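Sharing a structure here in structure tokens format.
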């Protein structure tokens, strides 16, 4: 890309109004791979003004026209998928095979599913038989600031961009400054698909600068944010003065409850799921709760899986895990591993430092602690690295209590061959999602959490509704005339 130092505003790549530059670092090598410009408040004003000017015409376009443009975008996205995978792998460290399949695939999947959901969505419908003259209209909320994280770039970007465009909103996207290249490539694709100037805008920047300007801006109608709970709290406060809508998808500390009657591969699957994407997933099952009767057997199984988990650079093909995203993230994880040891958790595998043979890059040893108790820091805090905590439980009631003993409530997991027990437990878990026996939720299922994991839902019909206002109109059919 030739436009790395520019922002995409009003259908053009433009120079920044006084923004400072920042290097993008490959976490496998610690080498600079690009330099971007962090936007200024003036850049935000220009982008918001462009989005505001484009909103009226874009919001009034026919749904079929918007869907046609999204279908064109999907074609372009698929045609440049290898290029997208390379950017994601280089900027945030996902192994290239994972980048090609899960990382890029998630973006395509969400775009495809948004198109499918928009075709079926009733943007106008009667209130009901009891009041046949009343109509309900779903209308675009307006100018939307979309702030996305670095860990699953296209997954999170497309969960916001696709439904916002489908519903007739205009956009200012601020991708993570750590992994901005994939979003800049997406901006090129949106431009090539033929979206009108001002409908989609991209301003690079950090949270303290561009992120704060967007959340406070009086001409922004909605903020959709994915990231840490700490940042989500700050965004809520920043947006409060203008009473704009705020949708938050935040952290998690998922429990994976493994009963004695779970299938024999449940434990190994749980470890691999935790380590996937180097543990950098908000919905990772990072607390494994194991029934007492199989606890010691589980310890041996997790040790073997951890020891078999290969760590390597992102450009290497294979099923290994890559580095974590940055030096700051590496230091945070190392500190939490050290704290776990100091507070008395038993180290089963891994530990501090880099894996053998990897002296450069932000590589973390796949680490497992057992006998982790609820008073320990590693039980409470989201580590966001390849670190698994294991705790025993004696019965169903204790398992539920332990699982819910967290300020988070994103995704929990239940492993048992007893269907009635699985259903009882699932209903008691305080989380937005529950996955049973390693069965992934289907396309279009609502993604989001409870408690400090956030307050919005993304995906399918729920993802469209996040970007819509509801208007009720009486006597639409003039029945009383």
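Which one of these does residue 480 not meet: (1) modelled with pLDDT of 95 or more; (2) on the phi < 0 side of the Ramachandran plot?
With respect to (1) modelled with pLDDT of 95 or more; (2) on the phi < 0 side of the Ramachandran plot, residue 480 is out only on (1).
Please go through (1) over 30 Å from residue 97 (Cβ atoms); (2) touching a strand residue (DSSP E or B) at 6+ places or on another chain (Cβ under 8 Å); (3) assigned to a helix (DSSP H, G or I); (4) assigned by TED's automatic domain parsing to the domain that holds residue 387 for residue 235 and return the number of the only condition it doesn't satisfy.
Of everything listed in (1) over 30 Å from residue 97 (Cβ atoms); (2) touching a strand residue (DSSP E or B) at 6+ places or on another chain (Cβ under 8 Å); (3) assigned to a helix (DSSP H, G or I); (4) assigned by TED's automatic domain parsing to the domain that holds residue 387, residue 235 misses just condition (4).
Sticking with this structure for a sec: Quick check on this structure: which one of 185, 214 is surrounded by 24 or more Cβ atoms within 10 Å (Cβ to Cβ), more than 19 Å from residue 63 (Cβ to Cβ) and at pLDDT 95 or above? Explain how you work it out, then say what you get.
Numbers: 185 fails: surrounded by 24 or more Cβ atoms within 10 Å (Cβ to Cβ).
Exactly one residue qualifies, and that residue is 214.
For residue 256, state whether it is modelled with pLDDT of 95 or more, in contact with a helix residue (DSSP H, G or I) (Cβ under 8 Å, 6 or more places away or on another chain), part of a strand (DSSP E or B) and within 26 Å of residue 416 (Cα to Cα).
Details: modelled with pLDDT of 95 or more: yes; in contact with a helix residue (DSSP H, G or I) (Cβ under 8 Å, 6 or more places away or on another chain): yes; part of a strand (DSSP E or B): yes; within 26 Å of residue 416 (Cα to Cα): yes.
Answer is yes for this residue.
Considering only segment 374-407, state which residues are over 17 Å from residue 258 (Cα atoms) and free of Cβ contacts under 8 Å to residues at least 40 places away in the same chain.
Once the filter is applied, which keeps residues that are over 17 Å from residue 258 (Cα atoms) and free of Cβ contacts under 8 Å to residues at least 40 places away in the same chain, segment 374-407 yields 374, 375, 376.
Restricting attention to segment 25-37, which residues are in contact (Cβ under 8 Å) with a residue 24 or more places away in the chain and surrounded by fewer than 20 Cβ atoms within 10 Å (Cβ to Cβ)?
Within segment 25-37, 29, 30, 33, 34, 35 qualify.
Let me spell it out: the conditions are (1) closer than 14 Å to residue 160 by Cβ; (2) touching a residue at least 60 places away in the same chain (Cβ under 8 Å); (3) surrounded by fewer than 21 Cβ atoms within 10 Å (Cβ to Cβ), and residue 474 meets all of them except one. Which number is the exception?
(1)
Restricting to segment 423-471, name every residue that is touching a residue at least 40 places away in the same chain (Cβ under 8 Å), surrounded by fewer than 17 Cβ atoms within 10 Å (Cβ to Cβ) and assigned to a strand (DSSP E or B).
Selection gives 469, 470, 471.
Moving to a separate point now. Would you confirm whether or not segment 215-231 contains a residue that is assigned to a helix (DSSP H, G or I) and within 19 Å of residue 6 (Cα to Cα)?
Checked segment 215-231: no residue is assigned to a helix (DSSP H, G or I) and within 19 Å of residue 6 (Cα to Cα).
While we're on this one: Suppose we filter 75, 65 for residues that are within 24 Å of the chain's Cα centre (by Cα) and either over 21 Å from residue 159 (Cα atoms) or part of a helix (DSSP H, G or I) (or both); which single one remains? If you could, list the steps in order and put the result at the bottom.
Values: 65 fails: within 24 Å of the chain's Cα centre (by Cα).
Step by step, each of 75, 65 is checked, and only 75 is within 24 Å of the chain's Cα centre (by Cα) and either over 21 Å from residue 159 (Cα atoms) or part of a helix (DSSP H, G or I) (or both).
Across segment 315-352, what is the total count of residues that are in a loop (DSSP other than H, G, I, E, B) and closer than 18 Å to residue 93 by Cα?
11
Just checking: which of the strands (runs of 3 or more DSSP E) contained wholly in segment 92-170 hold 2 or more residues that are at pLDDT 95 or above, assigned by TED's automatic domain parsing to the domain that holds residue 188 and buried (at least 24 other Cβ atoms within 10 Å of the Cβ)?
The strands (runs of 3 or more DSSP E) meeting that bar are 143-147.
Taking the condition of being more than 19 Å from residue 152 (Cβ to Cβ) and surrounded by 23 or more Cβ atoms within 10 Å (Cβ to Cβ), how many residues in segment 312-338 meet it?
Count: 1.
What's the number of the only condition in (1) over 23 Å from residue 457 (Cβ atoms); (2) assigned by TED's automatic domain parsing to the domain that holds residue 404; (3) outside any loop (DSSP other than H, G, I, E, B) that residue 273 fails to meet?
(1)
Something else about it: Looking only at segment 5-21, which residues are within 22 Å of residue 88 (Cβ to Cβ) and buried (at least 17 other Cβ atoms within 10 Å of the Cβ)?
Within segment 5-21, 6, 7, 8, 13 qualify.
Here is a yes/no grid of residues against (1) more than 27 Å from residue 250 (Cα to Cα); (2) over 19 Å from the mean Cα position of the chain (by Cα):
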| residue | (1), (2) |
| --- | --- |
| 282 | no, no |
| 285 | no, no |
| 288 | no, yes |
| 293 | yes, yes |
| 298 | yes, yes |
| 307 | yes, yes |
| 313 | yes, yes |
| 322 | no, no |
| 335 | no, yes |
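How many residues, within segment 351-371, are closer than 17 Å to residue 285 by Cβ and surrounded by fewer than 24 Cβ atoms within 10 Å (Cβ to Cβ)?
So the answer is 1.
I'm trying to understand the selection: among the residues of segment 238-250, which are part of a loop (DSSP other than H, G, I, E, B) and either in contact with a strand residue (DSSP E or B) (Cβ under 6 Å, 6 or more places away or on another chain) or crowded, with 22+ Cβ neighbours inside 10 Å (or both)? I'd like the intermediate steps shown before the answer.
To start, the set of residues in segment 238-250 that are part of a loop (DSSP other than H, G, I, E, B) comprises 243-244, 250.
If the condition is that a residue be part of a loop (DSSP other than H, G, I, E, B) and either in contact with a strand residue (DSSP E or B) (Cβ under 6 Å, 6 or more places away or on another chain) or crowded, with 22+ Cβ neighbours inside 10 Å (or both), then 244, 250 are the ones that fit.
Looking at (1) free of Cβ contacts under 8 Å to residues at least 40 places away in the same chain; (2) closer than 27 Å to residue 99 by Cα; (3) crowded, with 17+ Cβ neighbours inside 10 Å, which one does residue 301 not meet, given that it meets all the others?
(2)
Sticking with this structure for a sec: Among the residues of segment 377-389, write down those that are touching a strand residue (DSSP E or B) at 6+ places or on another chain (Cβ under 7 Å) and part of a loop (DSSP other than H, G, I, E, B).
Scanning segment 377-389 gives a single hit, 386.
Another question, if that's okay. Pick from 392, 374, 407: which is assigned by TED's automatic domain parsing to the domain that holds residue 350, in a loop (DSSP other than H, G, I, E, B), at pLDDT 95 or above and more than 21 Å from the chain's Cα centre (by Cα)?
374
The values are calculated or read from the model by the stated rules, or taken from the named source; none is laboratory data. Fair warning: this is a prediction, and the values are worked out from it, not measured in the lab. Positions of Cβ are backbone-derived with ideal geometry, glycine not excepted, and every protein chain shown enters the neighbour counts.
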